[in-house]
Every structure is written in structure tokens, then in C-alpha cells.
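The values are calculated or read from the model by the stated rules, or taken from the named source; none is laboratory data. Source: prediction; values computed, not measured. Cβ sites come from the backbone with ideal geometry, for glycine too, and all protein chains shown count toward neighbours. Side chains are part of the model used for accessible areas, which takes the heavy atoms of the whole protein and leaves out ligands, DNA and RNA. Shrake-Rupley method; radii C 1.70, N 1.55, O 1.52, S 1.80 Å.
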Amino acid sequence: MYLNETPVLSIRDLTVRYGKGCSACSGRADNRDKNRCIACGTVWATDGISLDVYPGEVLGIVGESGSGKTTLMRALYFDFVPSFGSAVLRDYEDGQKNIWEASSAAQRMIKNTVMGMVYQNPVLGLRMNYSAASNIAEKIIAAGSRNAGQMTGRAMELLDAVEISTSRMSEAPKNFSGGMQQRVQISKALANNPALLLLDEVTTGLDLSVQAKVLDLIRKIKALYGISILLVSHDLAVIRMLADRTIVMLDGAIIESGLTDQILEDPQQAYTQQLVHSLI
């Protein structure tokens, strides 16, 4: 499916640890209680994660709380610095430079033009007291645009795409429901036509009917913009609905990966089998 395509994103050996590590736990998962070293107490939030995301693909990442999914996403979006590893983006320096070694200015450029992030908690992704349109304009301004008319037009286009009435574009997200806040986050993330959209547990905590609307919206956005998506969820039903390929994480490591249908129909690992069984 992707043999002749250059990945939009390639991550190699991403490791995020809290603690200095020791000879007992470095590279030796058998000396850990889940992802915590028995000897020194170091927590390996992610340990040697490698993955690729291809053009137009939805790559799902599934796992229980504490498996490292959100750590991976937030490291990728420069919310903190990884302990080890590299990541390259096709649309930054022709995929030749590790983004975690880029300057602060270059990282801001990447966040504002190459990637878009939608957090589980909208408070992390939105200015709740600014209008919905201003949230989108903030992202556009950060990318270097100063044309007010173009920003207003883009805000109207994106809010319409996420099915929020433009009559509410001057309202602050604090006045919106959780589902609407997530949709404003999505519109903000898309402001500068990023190549990669990061979605971190975007339906968690929403009512089932609202979840369905958000998931339908994500499918619509993918079809409309042809964007690549890295989709994190603890819910395999969400992954089944949206993901082309799926990675299963446990205790900071990838334990299984493959086409989503393959993972669901013939899981190889005991943990993945438990996940699939819980979905049936």
C-alpha cells in the first residue's frame, strides 16, 4: 500500500524516561515492574518507539492508560524533550533533520505549519476566553500571516467544515459544549493546512452521540483535506472505525502492529487479544 511513498513522519527509538536509569533497567524490561525499574525507580514512559505515518493514512495507537500513547504525542508536539530518539518530517528539511534537535524557532514553525494537535483536554489546545475565530487566527498569525480578511475567511471556512455555525464564531469556547470545543480545536489545528494531524483521545469523556459526531467529522476532514492522521485512543472501537493501520502499546513499548483488520481479526499478543475480546 505504501511501498513507494515517503512517510510524512518517521520516528525512531523514541524514549522518554523519568529518572537516570541504571544498569538493571537500561534496555532490560525484565527488571521492571510494568514500566518502572525495580532497582532505581526510573519510569520508562516510552521505550524505543519506532513508527512511520504515510501520506493520507490514519495510523491508530491503542493501549491502556499509562501505556505511553499521550507521552509519544506530546513529545512529538514539543511539549517536552525526549530522553533519546529521532523524528523526521517529510515537510521539514526534506525529512533529513531530527526535529528534536531543531532550534526553538524551527520547532515553533513546525508546530504552526507542518503539524496540528488536538488534545484530549481542550483547555490545553484552546484559549477559552478568546473567540473561536480568534483561536484560529492565532494559529494563522503564528505562521506569519497578517491579513485580517484572509484570517476571517479561513476561520469561517474551517468552522463550517467542523459544523459550527459561523454565527457563533465570535463566541468563546468556554461557552461551548465539550464536543463543540473539540471541533474548534480541530479547526484550529487545520488552520495552516498541516501535513499531519495529531489526535489524542479526542472522544474521551464525550457522550456517545457526541462521540459519533466527532468521529464522523474526522472521517470527513480526512476525505476533504487528504491529511495524514496519528490517532491515539484507549478505545479499540474508535481505532476500528478510523485507522488504516494500528499499533498496540503496553508499558511504554509497541507490542503489536499491523493492518487494523489484521489486528482485530487475528491478534497475536495476549494483551491485544484481551482488547479485542472486550470489544466483542
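What to note about this one:
- Accessible area per residue in Å² at 1.4 Å probe, computed on the chain: 46
- Approximate spin-label separation ASP79-HIS277, in nm, with each point projected 7 Å along Cα-to-Cβ: 3.2
- Share of carbon and sulfur in the accessible heavy-atom surface of segment 141-216 [1.4 Å probe, %]: 48
- Antiparallel %, DSSP beta bridges [both residues in the chain], to 5: 55
- For ALA45, the residues 5 or more places off, or on other chains, whose built amide H falls under 5 Å of its own are VAL16, ARG17, TYR18.
- A cut-off of 5 Å between modelled amide H atoms, ignoring neighbours fewer than 5 places along the same chain, links LEU250 with ILE255.
- Cα centroid of segment 183-212 to Cα centroid of segment 261-277, whole Å: 26
- Note on the chain: GNM, Cα springs under 10 Å; of VAL248, VAL210, VAL162, the largest mean-square fluctuation is that of VAL210.
- C-alpha long axis of helix 208-225 to longest principal axis of the chain, angle in °: 80
- Label-point separation, GLU93 to ALA105 (7 Å along Cα→Cβ), nm: 1.5
- Binned Cα-Cα distance frequencies in the chain - 5 Å width, integer %: 1, 6, 12, 16, 18, 16, 14, 9, 5, 2, 1, 0, 0
- The chain: most fluctuating residue of THR70, THR46, THR152 per GNM, C-alpha cutoff 10 Å: THR152
- Calculated on the alpha-carbon coordinates, the convex hull of segment 32-90 measures out at 100 cubic angstrom per residue.
- Relative contact order (percent, whole number), segment 109-240, Cα cutoff 8 Å, 6+ residue spacing: 33
- Computed over the chain, the per-residue total of -39500 (n - 2.57) for DSSP H runs of n ≥ 4 gives a 222 nm mean residue ellipticity of -10000 deg cm²/dmol, rounded to 500.
- What the phi angles of segment 199-204 give under the Karplus curve with 6.51, -1.76 and 1.60, with θ = phi - 60°, is a coupling list of 10, 10, 6, 6, 10, 5 Hz, glycine and proline written as x.
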